[in-house]
Amino acid sequence: MLVFFSLLVVGYAVFKISTYEQIDSEVHLESKNDYLRALSQLELSAQMPNIVFVLYDDMGYGDLGFTGSAAISTPNIDRLAKNGLQITNFYSPSPVCTPSRFGFLTGRFAERGHLSHVVFPKGSVMSNYTKFRGANVRIPAHEITLPEVLKAVGYATGMVGKWHLGDISPSQPNDLGFDEFFGSLYSNDMEPFALYRNREIAVESPVNQELLSALYEKTANEFVSAHRQTPFFLYLAHSFPHEPLHVEDERLGRSPAGLYGDVVEELDEDIGSLIDALRTAGVLDNTLIIISSDNGPWYLGDPGAVRGRKGDTFEGGMRVPFIAHWPRRIAPGQIVDGLSMGTDIFPTVLDLLGLPSPTDRLIDGKSILKMLTDGEPSPHDYLYYYSGKLLAIRDKDFKYVPRRGIHYGMATIPIGVAMPKGPYLFDMRSSGRESYDIKAYRPDVLSRFLRLYQATQKSLEGNREGWLQ
């Protein structure tokens, strides 16, 4: 009987996986195409800025000189921060990479696209498990991405680095707005780890990761040089400092922060090279450069003076560095603490170019353009921390965490557990470390957040995809 039952379970799993198909919405795919066609008919200013978006993988808030690191030297990034604008309360859309990248590129939380989990290479055990669960294995093709918008209005679009939103069409980089792609489809700890140029393998697996950052740097600089005569969008999504960590032998031992510091210092040198390429091309003054990270640090790295790391919605998992540098429009030397999130990038670019938003879907982010260029306050009254479900809400003063599992484990025991704790109310003004629960002293604030949490949950359950029509 046990053998029969086991065979039945295995057969059911094989059937589920072999018959799996992710279905995109034909209605919203058509609406998306109509929107992009309408954008292509618009006449924009001849002075459209170039846009360079540099996204690091698992870099902590405290890993850079301008955010307080004494162990890691980052003079090039620090110079950009000094000559541009820093946001001290900027958050990734998720505490892990796939849903975070979804949010950065679409302006929507990954829960809208049923992609709040990490995706894995096709054919892998974890990818098959995702199919068995009936979850998405790629970003839905009906989502509208930032490169698609920019391509529609005449930008040359290029991506260098880590994609991690699916490895099959219609959800590869070249399917979703990038004219040119060079990089990896997954994290550097996943196999097979190969590098692609557009749809073809350019560097076979296993890639020598000691040369990875240099390859990305060279390709990014070549893209800038090739497209200096036309507006361009470059998405440079580094694979590091995600583990495993690698640098060339001659760089080893340079940083007091060990191999992690060596890796970050190489990334900083790459930024210096990119700035030189922009200057040589004569386009630096009219290029908006944005630098951030997809989430907080993993096993190594510095989250700053806050609680938590990658994978959690405590501050250390989602508060990340943010720099905006644009000599033509952004005054240097600004440090602002207004609330903002990676989902704001998409609507900010729309605002910058005077483009309409899609009318068939909710955009979760808000434009922070005037916050960057005119010193206006944040457009957000609240920020929402999602990781599969809503796990926290904050305003400028307080943060509410509903009752949920808080992970606990002992160093000598390989398996931890999630202990049900909360709800918590933290005063972010007196202690941003989320160390002290004050709900007993501020029942009025707790009640306000509870009502908002319940209303937001109800709204998400009623229209998870965020369709407006």
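Structural remarks
- Shape category assigned to segment 266-404 from the gyration tensor of Cα positions, a/c cut at 1.5: oblate
- Members of 310/370; 399/421; 16/131 lying beyond 18 Å, as alpha-carbon distances in this model show: 310/370
- The helix-only estimate of mean residue ellipticity at 222 nm for the chain, built from DSSP H runs of length n ≥ 4 each weighted as -39500 (n - 2.57), is -9500 deg cm²/dmol after division by the residue total.
- Available extension along the chain between residue 329 and residue 190 is 46.0 nm, counting 0.36 nm per residue and deducting the alpha carbon span.
- Estimated FRET transfer efficiency (residue 18, residue 407; beta-carbon r; R0 41 Å; 0.05): 0.70
- The HN-Hα couplings worked out from phi for segment 53-69 by the Karplus form 6.51 cos²θ - 1.76 cosθ + 1.60 (θ = phi - 60°) are 10, 9, 10, 8, 10, 6, 7, x, 4, x, 8, 10, x, 6, 9, x, 6 Hz, whole numbers, x standing for Gly and Pro.
- Rounded, prolate or oblate (a/c below 1.5 giving rounded, otherwise prolate when a/b exceeds b/c) for segment 308-357 by Cα gyration tensor: oblate
- Positive contributions from Lys and Arg (+1) and negative ones from Asp and Glu (-1), summed over other residues with Cβ under 9 Å from the Cβ of residue 406, come out at +1.
- Summarising the amide proton neighbourhood of residue 181: residues at separation of 5 or more, or on other chains, whose placed amide H is nearer than 5 Å comprise 159, 198.
- Considering only alpha-carbon pairs that sit under 8 angstrom and 6 or more positions apart, the relative contact order computed for the chain is 21 percent.
- Split the accessible area of segment 52-199 by element, probe 1.4 Å, and carbon with sulfur accounts for 52%.
- Qualifying trypsin sites (Lys or Arg not before Pro) in segment 97-192, DSSP loop, other Cβ atoms within 10 Å at most 15: 122
- Coupling constants for segment 241-248 follow from the phi torsions by the Karplus curve (6.51 cos²θ - 1.76 cosθ + 1.60, θ = phi - 60°), and in residue order they are x, 4, 7, x, 8, 8, 9, 5 Hz; glycine and proline get x.
- If the segment from residue 200 to residue 34 were pulled out straight at 0.36 nm per residue, it would be longer than the present Cα-Cα gap by 56.8 nm.
- Environment charge of residue 20, counting only residues whose C-beta is closer than 13 Å and scoring Lys/Arg +1, Asp/Glu -1: +4
- HN-Hα J in Hz across segment 108-116 - Karplus 6.51, -1.76, 1.60, θ = phi - 60°, x for Gly and Pro: 10, 5, 5, 4, 4, x, 6, 9, 8
- Between segment 328-402 and segment 163-239, the alpha-carbon center distance in angstrom: 27
- Solvent-accessible area, 1.4 Å probe, carbon plus sulfur percent, for segment 331-428: 56
- Taking a ≥ b ≥ c as the square roots of the eigenvalues of the Cα gyration tensor, the chain is classed as rounded, since a/c falls below 1.5.
- Entries of 32/458; 366/396; 162/389; 162/218 with Cα pairs more than 18 Å apart: 32/458; 162/389
- Averaged over residues, the count of other Cβ atoms within 10 Å places the peptides 308-319, 80-91, 44-55 in the sequence 308-319, 80-91, 44-55, highest first.
- Antiparallel beta bridges, as assigned by DSSP with both residues in the chain, represent about 50 percent of the total such bridges.
- Look at the alpha carbon pairs under 8 Å that are at least 6 residues apart: their mean separation over the length of segment 415-469 gives a relative contact order of 19 percent.
The values are calculated or read from the model by the stated rules, or taken from the named source; none is laboratory data. Remember, predicted model here, so these are calculated numbers, not experimental data. Here Cβ is always computed from backbone atoms with ideal geometry, including for glycine, and neighbour counts include all displayed protein chains. With ligands, DNA and RNA removed, areas are computed over all heavy atoms of the protein, side chains included. Shrake-Rupley method; radii C 1.70, N 1.55, O 1.52, S 1.80 Å.
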